[in-house]
1. Quick one: which of Ala43, Ala38, Ala19 is among the small types (Gly, Ala, Ser), more than 18 Å from Gln118 (Cα to Cα) and open to solvent by 40 Å² or more (accessible area, probe 1.4 Å)?
2. Identify, from the list Val89, Val97, the residue that is under 21 Å from the mean Cα position of the chain (by Cα), modelled with pLDDT under 90 and part of a loop (DSSP other than H, G, I, E, B).
3. Output yes when any residue across segment 168-178 is in contact with a Pro (Cβ under 8 Å, 6 or more places away or on another chain) and at pLDDT below 90, and no when none is.
4. Looking at segment 185-221, which of its residues are open to solvent by 80 Å² or more (accessible area, probe 1.4 Å), assigned to a helix (DSSP H, G or I) and touching a residue at least 40 places away in the same chain (Cβ under 8 Å)?
5. Determine whether Leu235 is open to solvent by less than 40 Å² (accessible area, probe 1.4 Å), farther than 19 Å from Tyr143 by Cα and modelled with pLDDT of 90 or more.
6. Step by step: first the residues of segment 17-66, then only those that are small (Gly, Ala, Ser) and assigned to a loop (DSSP other than H, G, I, E, B), then the one that is nearest to Leu6 (Cα to Cα). Which residue is that?
7. Taking the condition of being without any contact (Cβ under 8 Å) to a residue 60 or more places away in the chain and either among the polar types (S, T, N, Q) or within 19 Å of Arg198 (Cα to Cα) (or both), how many residues in segment 16-57 meet it?
8. Can you pull out the residues in segment 155-167 that are over 23 Å from the mean Cα position of the chain (by Cα) and modelled with pLDDT of 90 or more?
Amino acid sequence: MKLSALVVDDEPIARHAIARLLREDAQIELLGECGDGASAVIAIRERSPDLVFLDIQMPAMTGLDVVAAIGAARMPATVFVTAYEQYAVRAFEANAVDYLVKPFSRARFAETLQRAKQRLAAADDGNARILRALQALRQREDYLERLPVRSGEQVSFIAVDDIVWIKASRNTVQVHLADRVHELRETMAWLGERLDPRRFARIHRSAIVNIGRVRTIHPWFNGYHVVTMDTGQQLRMSRYQHQTFLRLATTQREDDRGGE
């Protein structure tokens, strides 16, 4: 018996990659692809797929919003797809929910698909697990809006929107604003988990940028790119941060269209 599947992801490369792998499986009937949350809700309601590959981070309507619109109790079997391992994977693992972290290998995809098939064959109702995982994710969406910084004996607060970029420096981080730099005794990992991934992106193991303050992205060499901030500062993007590049490029195109 064939299983019907729907792929939902706003990034065409990731969406097409999942669809291509599903087409290679004779047990899967691919119902279609959706590039946004609104069309995903319509497709799920109208076509009732057995299995949905659902991206968590999408503009306007996220994967969490899709589940809320359908209702966790009525969601098909779901494999969540995320580029943000630090705040999603722990929630999925704690509740035994299937997931993929982008970029994923063919072997990892095959493992996840096989597990989803086994649960469907066993009539395993994963809706309660989905609900618990999403509740955990929503609890983690309480991201920092202000950051405490110390100057001598005085502690002041800076709005995260004023941050241009953040640099790792051994056991501290340097928070770069337009006109000054603050040093915090925190790790990059700690700070990265507490900043909204829709507003901040890691472009290098030692650099996080404010997406809204990126001016341009230009290719450099050997797969690297140069990110220019609105202050004129130029930062190198690691060639391994391909998904981050796609997010920044998409944001830049949307900003350009908005200014027309």
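The values are calculated or read from the model by the stated rules, or taken from the named source; none is laboratory data. Only a predicted model underlies this, so the values are computations on that prediction, with no experimental measurement involved. Note that each Cβ is placed from the backbone with ideal geometry, even for glycine, and that neighbours are counted across all protein chains shown. These accessible areas exclude ligands, DNA and RNA; they are computed on the full protein's heavy atoms, side chains included. Shrake-Rupley method; radii C 1.70, N 1.55, O 1.52, S 1.80 Å.
1. On the way: Ala43 fails: open to solvent by 40 Å² or more (accessible area, probe 1.4 Å); Ala19 fails: open to solvent by 40 Å² or more (accessible area, probe 1.4 Å).
Selected residue: Ala38, the only one of Ala43, Ala38, Ala19 that is among the small types (Gly, Ala, Ser), more than 18 Å from Gln118 (Cα to Cα) and open to solvent by 40 Å² or more (accessible area, probe 1.4 Å).
2. On the way: Val89 fails: part of a loop (DSSP other than H, G, I, E, B).
Only one candidate passes the filter, namely Val97.
3. To start, the set of residues in segment 168-178 that are in contact with a Pro (Cβ under 8 Å, 6 or more places away or on another chain) comprises none.
No, segment 168-178 contains no residue that is in contact with a Pro (Cβ under 8 Å, 6 or more places away or on another chain) and at pLDDT below 90.
4. Initially, segment 185-221 is screened for residues open to solvent by 80 Å² or more (accessible area, probe 1.4 Å), giving 185, 190, 194, 198, 202, 205, 215, 218-221.
If we keep only those that are assigned to a helix (DSSP H, G or I) as well, we get 190, 194.
Hit for segment 185-221 is Arg194, nothing else.
5. Numbers: open to solvent by less than 40 Å² (accessible area, probe 1.4 Å): yes; farther than 19 Å from Tyr143 by Cα: yes; modelled with pLDDT of 90 or more: yes.
Spelling it out, Leu235 is indeed open to solvent by less than 40 Å² (accessible area, probe 1.4 Å), farther than 19 Å from Tyr143 by Cα and modelled with pLDDT of 90 or more.
6. So in segment 17-66, the residues small (Gly, Ala, Ser) come out as 17, 19, 26, 32, 35, 37-40, 43, 48, 60, 63.
If we keep only those that are assigned to a loop (DSSP other than H, G, I, E, B) as well, we get 26, 35, 48, 60.
Numbers: Ala26: 15, Gly35: 11, Ser48: 9, Ala60: 20 Å.
Selected residue: Ser48.
7. 8
8. Taking segment 155-167 as the starting set, the residues that turn out to be over 23 Å from the mean Cα position of the chain (by Cα) are 155-158.
None; the set is empty.
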